[in-house]
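The values are calculated or read from the model by the stated rules, or taken from the named source; none is laboratory data. Just so we're clear, the structure is a prediction, and the values are computed from it rather than from any experiment. As a convention, Cβ positions derive from the backbone with ideal geometry for all residues, glycine included, and neighbour counts pool all protein chains shown.
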Amino acid sequence: MATKIFVNLPVSDLNRSKAFFEGLGFTFNPQFSDENAACMVISDAIYAMMLVEPYFGTFTKKPISNAHEKTEVLIALDASSRDEVQQIIAKAKELGATIYNEPADHGWMYQHSFADLDGHQWEFAYMDESQFPTS
């Protein structure tokens, strides 16, 4: 059974993407990074591989999706509090991200989202499972 996940995302400018996510507080693993790829550490078991588009194209026979025009994936990450969600979204916007949805408060879950510089959609959510509605 798999124990780690590597989400691979095409990017147009690797250094710009790295600077954006470093501005949000993420780090990169240099062991899996070079001029074609940067391995962003999300957790001990979750990584996002930022791959320059020509290099990304070597892993697929399909056309590369333009995330500014079509949704390819929604990347959802948890946050430790509602305030942390708001801080991440505000910082992402300050770094050039676009907000593509208004925040949603479901009582037990608060979520908000942004599209990064390449259009990839990131959602951050705080979940208080003790408040999850039971039928």
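Quick notes on this one:
- Meets criteria (closer than 26 Å to Arg16 by Cβ and either in the same structural domain as Asn15 (by TED's automatic domain parsing) or surrounded by fewer than 12 Cβ atoms within 10 Å (Cβ to Cβ) (or both)) for Tyr55: yes
- Residue check for Leu14: farther than 30 Å from Gln131 by Cα, touching an Asp or Glu at 6+ places or on another chain (Cβ under 8 Å), of a type in the set (A, V, I, L, M, F, W, C) and not assigned by TED's automatic domain parsing to the domain that holds His112: yes
- Among the candidates Asn15, Asn8, Asn36, residue that is closer than 21 Å to Ala76 by Cβ and at pLDDT 95 or above: Asn8
- Ser17 being of a type in the set (Gly, Ala, Ser), out of contact with any Phe, Trp or Tyr (no Cβ under 8 Å at 6 or more places or on another chain) and either under 22 Å from Gln111 (Cβ atoms) or free of Cβ contacts under 8 Å to residues at least 60 places away in the same chain (or both): no
- The residues listed here are Thr60, Thr71; of these, the one that is over 21 Å from Gln111 (Cβ atoms) and either in contact with a helix residue (DSSP H, G or I) (Cβ under 8 Å, 6 or more places away or on another chain) or polar (S, T, N, Q) (or both) is Thr60.
- Candidates in the range 21-52 are the residues that are of a type in the set (Phe, Trp, Tyr) and exposed (fewer than 15 other Cβ atoms within 10 Å of the Cβ); of these, the one that is farthest from Lys91 (Cα to Cα) is Phe32.
- Filter result for Ala67 (assigned to a loop (DSSP other than H, G, I, E, B) and either touching a Leu at 6+ places or on another chain (Cβ under 7 Å) or hydrophobic (A, V, I, L, M, F, W, C) (or both)): yes
- Single residue of Leu117, Leu95, Leu74 found to be exposed (fewer than 13 other Cβ atoms within 10 Å of the Cβ), closer than 20 Å to Leu9 by Cα and not assigned by TED's automatic domain parsing to the domain that holds Ile42: Leu74
- Taken over the range 108-135, the criterion of being under 16 Å from Met50 (Cβ atoms) and among the aliphatic types (A, V, I, L, M) is satisfied by Ala115, Leu117.
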